[in-house]
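To keep things clear, I will list the structure first and then write my remarks on it.
The values are calculated or read from the model by the stated rules, or taken from the named source; none is laboratory data. Nothing here was measured: the structure is a model prediction, and the numbers come from that model. Here the Cβ positions follow ideal geometry from the backbone for every residue, glycine too, while neighbour counts run over all protein chains shown. These area figures cover heavy atoms from the full protein model, side chains too; ligands, DNA and RNA do not enter into them. Shrake-Rupley method; radii C 1.70, N 1.55, O 1.52, S 1.80 Å.
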Amino acid sequence: MTDNKVIEVKGLHKSFGDNHVLKGIDAVITKGEKVVILGPSGSGKSTFLRCLNCMEDPTGGSVIFNGVDIADPKVDINVHRQKMGMVFQHFNLFANKTVIENIMMAPIYVGKKKLKKEKNYNKASKKALKESVYAKAMELLKKIGLEEKADAYPSQLSGGQKQRVAIVRALCMEPEVMLFDEPTSALDPEMVGEVLEVMKNLAAQGMTMVVVTHEMGFAREVASRVVFMDEGVIEEDGTPEEIFDNPKSERLKSFLSKVII
Amino acid sequence: MGNFSFRFETFWDILVNKGGYRDVITGLQNTMTIAVVGLLVGIVIGTLIATARVLPKYKRIVRMLDSVCKFYVGLFRGTPMVVQLLVFYYVLLPLMGLRFPSVVVAMIVFGLNSGAYISEIMRAGILSVDPGQLEGARSVGFSYSAAMIKVVIPQAIKNILPTLGNEFIALVKETSVVSFVGAMDLYLAFQRIGAGTYEFMIPYLAMAVIYIVVICLITIGIKIMERSLRKGDR
Ligand SMILES: Nc1ncnc2c1ncn2[C@@H]1O[C@H](COP(=O)(O)OP(=O)(O)O)[C@@H](O)[C@H]1O
Ligand SMILES: [Mg+2]
């Protein structure tokens, strides 16, 4: 845990069959940073983000999280993923579980494993675990104003509510970094704001965040660093001012001219 | 019709006064236990096979496992249940030096057989669940198997419940072959009643009615279960 690096990516490559998507990416994400990733569709933004928690196995290079190369197949990825929250474009809430169950499931699963390891797995300790996770889950739900939806099923929520619950589900694991893959792209326009609001609060609390988004306003306001990806490489990397007001590469200029009206 | 009422009286006499009902009850019990145990064993085997067959096929061991599963499914779907029953009872078990009661052998064979069918049903069910569900579960740190057990398979089962119900009904009906290995079932019970008087019309009619009633009841049960499982879709 030297020098505040949360994630360090070295020489990352990813291919799907013959499709060479990521062509050597090096990046460092330090504690508390808010990195926004921009780039045209198909440039490999999602693939890059999904390699950060090894939802996609990199075909080359390393992803060092808290000093451990999690791209190494011998590493127990599940343990590390518990500390890396991920928010998806399509929410991916568990359809067969209520809101509160969605949030509590993973912390309880992890907590029970821990109790078993400590040889302290009994009725009382299980009950205490459930109560503490429930309290934490309800507190988080309250913060996003959805405590009255605790017993609703995801199908009974609006898109914006689903995404806020998905963020809380990830937060309840107390992650060290949050990865967002176009969290507002599947939402109706009037619901984008409520999700961005939750993300801004999270940023203000000091969470380390990596966000793929097309919300340029959010990038300008929240990002400490903006990364522009194109054709599987990082084309440009800088502060929001450098990227938006002073783009250097032709590709970034042409990209910005298309997205900023 | 006088003839009919005479036949009915004879049948009733054997069924009620001469203890024929005992065979019927035993037969019905056997039919239901064989079908239920067969279904449960089949769900376990079918889920294991289906899960093995939807694994990403990068590794050689997974592809080998897939071939073994395919062979198993092909074998059990490619032969009639009655043949499997006879082979198990008269060939495989004696060769292994084992002897089980015929009802137990029937449960095993029904489980193995329905496992093959249910694996195909379950595979379709698993594939019908949005891949995002598995991703969501993996992203919070569930292992592949925990994610499958807690999130994907419950949704798959909900999706395939009507088909699973049909499989159960098929199993109930197929129990009418277990008398081939000497187990009491509805067919054997009524066949014996008929054999007492060489009069089979009423006994077989009664057998048909019992099957229809049992299957109607099962169908209603499945409908109720489906409704209660549909909570998440409101
Ligand atoms: N699971 C996958 N299997 C095969 N190809 C994929 C997969 N995921 C992404 N790709 C390919 O990788 C490339 C980059 O995709 P992606 O990372 O989703 O881009 P972006 O998020 O920037 O739009 C695309 O050509 C896409 O077809
Ligand atoms: Mg994408």
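Give the residue, chosen from B:L40, B:L15, that is in contact (Cβ under 8 Å) with a residue 60 or more places away in the chain and open to solvent by 50 Å² or more (accessible area, probe 1.4 Å).
That would be B:L40, the only listed residue that is in contact (Cβ under 8 Å) with a residue 60 or more places away in the chain and open to solvent by 50 Å² or more (accessible area, probe 1.4 Å).
Could you check the range A:176-194 and list, in sequence order, the residues that are more than 13 Å from ligand 1 (Cβ to nearest atom), more than 13 Å from chain B (Cβ to nearest Cβ), open to solvent by 40 Å² or more (accessible area, probe 1.4 Å) and assigned to a loop (DSSP other than H, G, I, E, B)?
A:D188
Of everything in the range A:34-71, what is crowded, with 20+ Cβ neighbours inside 10 Å and more than 16 Å from ligand 2 (Cβ to nearest atom)? Give them in sequence order.
Within the range A:34-71, A:K34, A:C54, A:P58, A:V63, A:F65, A:I70, A:A71 meet the criteria.
Go through the range A:177-197 residue by residue and tally those that are closer than 13 Å to A:R164 by Cα, among the charged types (D, E, K, R) and touching a residue at least 24 places away in the same chain (Cβ under 8 Å).
1
Residues checked against (1) among the basic types (K, R); (2) open to solvent by less than 40 Å² (accessible area, probe 1.4 Å); (3) closer than 16 Å to B:A183 by Cβ:
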position	(1), (2), (3)
B:M64	no, no, no
B:V68	no, no, no
B:V73	no, yes, no
B:Q84	no, yes, yes
B:P94	no, no, no
B:G97	no, no, no
B:A106	no, yes, yes
B:G111	no, yes, yes
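Looking at this structure, is A:T30 among the polar types (S, T, N, Q) and within 14 Å of chain B (Cβ to nearest Cβ)?
It is false that A:T30 is among the polar types (S, T, N, Q) and within 14 Å of chain B (Cβ to nearest Cβ).
Since B:I169 meets every condition but one in (1) more than 14 Å from chain A (Cβ to nearest Cβ); (2) of a type in the set (V, I, T); (3) within 20 Å of B:R53 (Cβ to Cβ), which condition does it not meet?
Just one mismatch for B:I169, condition (3).
Take the range A:146-160 and flag every residue that is open to solvent by 40 Å² or more (accessible area, probe 1.4 Å) and not charged (D, E, K, R).
A:S155, A:Q156
What is the residue count in the range B:1-17 for residues that are within 32 Å of the chain's Cα centre (by Cα) and more than 9 Å from B:I202 (Cα to Cα)?
Of the residues in that region, 4 qualify.
Looking at the range A:195-232, which of the residues that are of a type in the set (A, V, I, L, M), within 22 Å of A:I7 (Cα to Cα) and part of a helix (DSSP H, G or I) is nearest to ligand 1 (Cβ to nearest atom)?
Once the filter is applied, the top-ranked residue is A:A219.
Taking the range B:155-186 only, how many residues are in contact with a Phe, Trp or Tyr (Cβ under 9 Å, 6 or more places away or on another chain) and open to solvent by 10 Å² or more (accessible area, probe 1.4 Å)?
The number of residues fulfilling the criteria is 10.
Scanning the range A:72-96 for residues that are open to solvent by 50 Å² or more (accessible area, probe 1.4 Å) and within 16 Å of ligand 2 (Cβ to nearest atom), which turns out nearest to B:P131 (Cα to Cα)?
Top of the filtered list is A:H90.
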